[in-house]
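The values are calculated or read from the model by the stated rules, or taken from the named source; none is laboratory data. Treat the numbers as computed from the prediction; the structure is a model and nothing was measured. No Cβ is skipped: glycine too gets one built from the backbone with ideal geometry, and neighbour counts run over all protein chains shown. Ligands, DNA and RNA are stripped out before the accessible areas are found, and what is left, the full protein with its side chains, is counted by its heavy atoms. Shrake-Rupley method; radii C 1.70, N 1.55, O 1.52, S 1.80 Å.
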Amino acid sequence: RYSLFHNRLKNIEENEGGLDKFSKSYKTFGVNQFVDGGIYCKEWAPGAEAVFLAGDFNDWNPFSHPYKKMEYGKWELFIPPGQDGCSPVPHGSKLKVVIRAQNGELLYRISPWARYVVRDEDKVNYDWVHWNPPQSYIHKHPSPKRLKSLRIYESHVGIASPEGKVASYKNFTYNVLPRIKDLGYNCVQLMAIMEHAYYASFGYQVTSFFAASSRYGTPDDLKEMIDIAHSMGITVLLDVVHSHASKNSEDGLNKFDGTDSCFFHSGPKGNHQLWDSRLFDYANWEVLRFLLSNLRMWIEDYRFDGFRFDGVTSMLYHHHGIGTGFSGDYNEYFGLHVDEDALCYLMLANHMINFLHPECITIAEDVSGMPALCRPVAEGGGGFDYRLAMAIPDKWIQIIKELKDEDWNMGNIVHTLTNRRYEEKYIAYAESHDQALVGDKTLAFRLMDAEMYTNMSVLSPLTPVIDRGIQLHKMIRLITHALGGESYLNFMGNEFGHPEWLDFPRRGNNESYHYARRQFNLTEDHLLRYRFLNSFDRDMNKLEEQFGWLASPPGYVSEKHESNKVIAFERAGLIFIFNFHPYQSYVDYRVVIWHSSLTVICKYKILLDSDAAEYGGHERLDHNTEYFSEEYPHNYRPNSLMV
């Protein structure tokens with residue numbers, strides 16, 4: 001694998017002048033404004049017979065501005081400035097690339113490199129709009145330094161409002177970012193930014209890879225949003241989709257030059273049978289140019305601080321993970337079923353990002369457990385910084401769905417939270433957007449279900465269902481945060497147990513926005529119990545910020561007691577103790593102290609208590625109590641304390 005990567009990199013150096021120049025192609029492809037006012041246009045359309053540019057600037061004459069055919073399927077066009085020195089293609093004017101296909105048909109296409117596309121309310125398809133404002137947004141704040149402890153708030157701009165509408169970049173900037181900062185998250189991961197024609201696809205059916213979604217506002221609005229986040233010390237990651245592309249041809253990449261291939265594999269190999277989308281040909285030179293340039297554009301133009309790569313499992317294997325289970329056997333990760341070209345692309349992408357922008361972060365969404373995916377490329381690894389611990393939310397769902405409280409297995413919980421490859425960083429999460437979508441249930445909804453509609457008011461009785469749900473919601477999140485990885489992720493709204501599911505407007509729900517929103521206002525109503533969960537999530541993050549357990553070595557688990565239903569572990573000098581027993585409390589309970597010296601008595605105090613009144617608990621512990629270590633052997637360690 002490293003040999004394949006090295007050969008590709010060497011070819012780029014020899015034939016393209018280096019990775020820096022190769023990945024800067026976003027400045028020359030598409031339609032670009034020259035300083036002197038002229039317009040330079042460049043496209044890759046290997047299957048085209050002829051290429052033209054049409055638009056408002058030439059009254060949509062499809063033949064007046066032909067491209068010149070170059071080597072390797074490239075086409076170029078230069079339009080000189082007007083007599084007044086102004087651009088011949090004004091800012092805000094509509095454009096189309098006109099392709100004469102091999103069968104003679106004229107195809108009106110959006111450039112794959114288009115920076116801004118919009119859809120009029122009375123139209124189905126998007127239009128390409130030339131974006132070249134007289135004064136673009138100028139970033140005022142530097143990007144934050146690379147974080148040691150990553151606390152990620154997974155977000156979707158369009159649903160980030162209690163109102164039933166598509167929310168804006170401006171709304172997120174001034175209403176949501178302060179909330180994220182207050183909750184103690186230091187990183188926001190933005191979904192559905194790359195333009196996608198179908199809103200209900202959650203942004204995963206991308207049509208224009210270089211365009212920020214116009215349904216939320218302008219490119220400058222997004223730049224301002226990122227800049228304001230940086231001023232708050234918040235790192236901003238883009239959920240990038242390079243695993244597949246929308247099948248749209250009128251306003252997408254599909255059949256851009258009139259052929260079945262171009263950016264994709266031809267025939268069945270180029271189609272994802274479950275996602276109904278097109279699959280990139282990662283061995284193609286121009287596909288590598290397109291995707292690598294795409295990453296660089298988002299970093300350098302918008303100032304994103306890194307990426308969460310979606311659908312990595314689909315990329316890594318020719319079977320795309322369809323109908324395949326992964327047990328951890330190494331035969332599952334090496335063989336002809338692995339798409340080495342896709343893996344090589346990921347190595348190139350991470351190498352480029354690390355070489356040009358070493359402060360940036362990359363995350364892999366891989367369910368298969370591919371070894372060394374998060375080790376440096378120089379070691380033959382994939383080069384990612386983190387991978388998602390995707391088994392953890394599945395485990396919590398399985399436990400809550402299938403087991404009675406008294407049947408919870410402490411050893412199985414600990415195994416799932418600690419089962420990760422040595423020196424590969426994992427992002428732990430109890431739930432993400434996947435569990436919030438219609439057809440699934442969030443943890444809060446699984447725990448409390450219909451009673452969330454009737455018994456979340458403090459004026460109503462605290463029923464056993466609500467009591468159990470609130471307490472377990474906090475405990476599950478804390479043990480996942482503290483033991484499950486080297487980073488933590490939460491999907492917006494789930495921190496306070498957002499009621500109901502997430503469903504985008506579509507035919508099946510009469511185009512309703514009722515479930516495509518986040519009711520942040522619920523946490524501001526002091527008569528509702530949602531504020532308890534919100535406060536606990538905030539203080540949990542603030543405690544991690546103070547002690548940095550995510551950046552510390554993995555926790556030492558000293559106890560996983562099946563009959564007592566107790567889990568105890570130590571990490572970053574803190575002792576975490578969880579009592580999952582449905583009805584049994586304990587006094588004078590002895591727990592191990594891992595780091596305590598044999599000769600020094602250590603004093604401990606409660607820092608965070610899920611049973612505290614401000615978190616909706618029963619206030620059964622006295623926070624003024626001081627606990628002292630003693631030389632009393634317990635669980636094969638010399639020192640312990642009683643709680």
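Using only helices, what value at 222 nm comes out for the chain when you add -39,500 (n - 2.57) per DSSP H run of length 4 or more and divide by the total residues, to the nearest 500 deg cm²/dmol?
Helix-only estimate at 222 nm: -7000 deg cm²/dmol.
I'd like the FRET efficiency for Thr324 and Tyr636, computed as 1/(1 + (r/R0)^6) with the beta carbon distance as r and R0 of 41 Å, rounded to 0.05.
The calculated FRET efficiency here is 0.50.
Quick one: helix 219-231 against the long Cα principal axis of the chain, what's the angle to the nearest 10°, folded into 0 to 90?
30
Sort 38-47, 115-124, 522-531 for me by packing, meaning the mean count of neighbouring Cβ atoms within 10 Å per residue, highest on top.
The packing order, highest mean first, is 38-47, 522-531, 115-124.
Probe radius 1.4 Å, ligands and nucleic acids left out: which of Glu631, Glu511, Glu431 has the largest accessible area, and how do the rest follow?
Descending accessible area places them as Glu631, Glu511, Glu431.
Grab the beta carbon distance between Asn624 and Asp440, set R0 = 51 Å, and tell me the FRET efficiency rounded to 0.05.
Using R0 = 51 Å, I get an efficiency of 0.75.
Among the lysines, select those whose C-alpha is under 21 Å from the C-alpha of Lys401, and discard any that sit fewer than 8 residues away in the same chain.
Lys441, Lys474, Lys565
Given the Cα-Cα distance of Trp501 and Lys269 and 0.36 nm per residue of separation, how much length would full extension add, in nm?
80.0 nm
Students often check this: by mean Cβ neighbours within 10 Å, which of 220-228, 321-329, 272-280 ranks highest, and how do the rest follow?
Packing order, densest peptide first, comes out as 220-228, 272-280, 321-329.
Taking 51 Å as R0, compute the FRET efficiency from the Cβ-Cβ separation of Glu105 and Leu403 and round it to 0.05.
It comes out at approximately 0.30.
Test of understanding: what is the full-extension gain from Asp59 to Tyr583, defined as 0.36 nm times their sequence separation minus their Cα-Cα distance?
Extra length available between Asp59 and Tyr583 comes to 181.0 nm.
For Cys262, Cys86, write out the residues from largest to smallest accessible area, computed with a 1.4 angstrom probe and no ligands counted.
Ranked from most to least accessible, the order is Cys86, Cys262.
Please sort by residue number the GluC sites (Glu not before Pro) in segment 545-584 whose DSSP state is loop and whose Cβ has at most 15 other Cβ atoms within 10 Å.
Glu562
For a paramagnetic label modelled at 7 Å from the Cα of Val458 toward its Cβ, which residues of segment 493-525 fall within the zone defined by backbone nitrogen distances under 18 Å?
Output list for this probe position: 496-497, 521-525.
Under 26 Å between alpha carbons, and skipping anything fewer than 8 positions from Lys140 in its own chain: which lysines qualify?
Answer for Lys140, where 26 Å is the Cα cut-off: Lys24, Lys27, Lys148, Lys170, Lys181, Lys223, listed by chain and number.
Can you spot the aspartates and glutamates whose alpha carbon is less than 15 Å from Lys395's alpha carbon? Ignore those fewer than 8 places along the same chain.
Asp405, Asp407, Glu431, Asp434, Asp440
Restricting to the chain, what percent of DSSP beta bridges are antiparallel, rounded to 5?
Roughly 65 percent of the DSSP beta bridges within the chain come out antiparallel.
Distance between the C-alpha centers of segment 518-594 and segment 62-76? Whole Å please.
62
Taking 7 Å along the Cα-to-C-beta vector as the label spot, tell me the Glu562-Phe34 distance in nanometres, rounded to one decimal.
Each label point is offset 7 Å from its Cα along the Cβ direction, giving 7.7 nm.
Taking Cα atoms, how many degrees apart are the long axis of helix 340-356 and the longest axis of the chain, rounded to 10 and kept between 0 and 90?
That works out to roughly 80 degrees.
Assuming 0.36 nm per residue, please report the length gained on full extension of the stretch Tyr604 to His91 beyond their Cα-Cα distance.
In short, 178.3 nm is gained.
In percent, what relative contact order does segment 545-633 have, based on Cα pairs under 8 Å that are 6 or more apart in sequence?
With pairs under 8 Å counted, the relative contact order is 18 percent.
Which label marks the calculated value of volume of the Cα convex hull per residue in Å³, given the options [x] 223; [y] 170; [z] 261?
Here the calculated entry is [y].
Quick check: net charge around Arg517, other residues with Cβ under 12 Å of its Cβ, Lys/Arg +1 and Asp/Glu -1?
It works out to a net charge of -1.
I'd like the orientation of helix 464-483 relative to the chain: the angle between its Cα long axis and the longest Cα principal axis, in ° from 0 to 90, rounded to 10.
70
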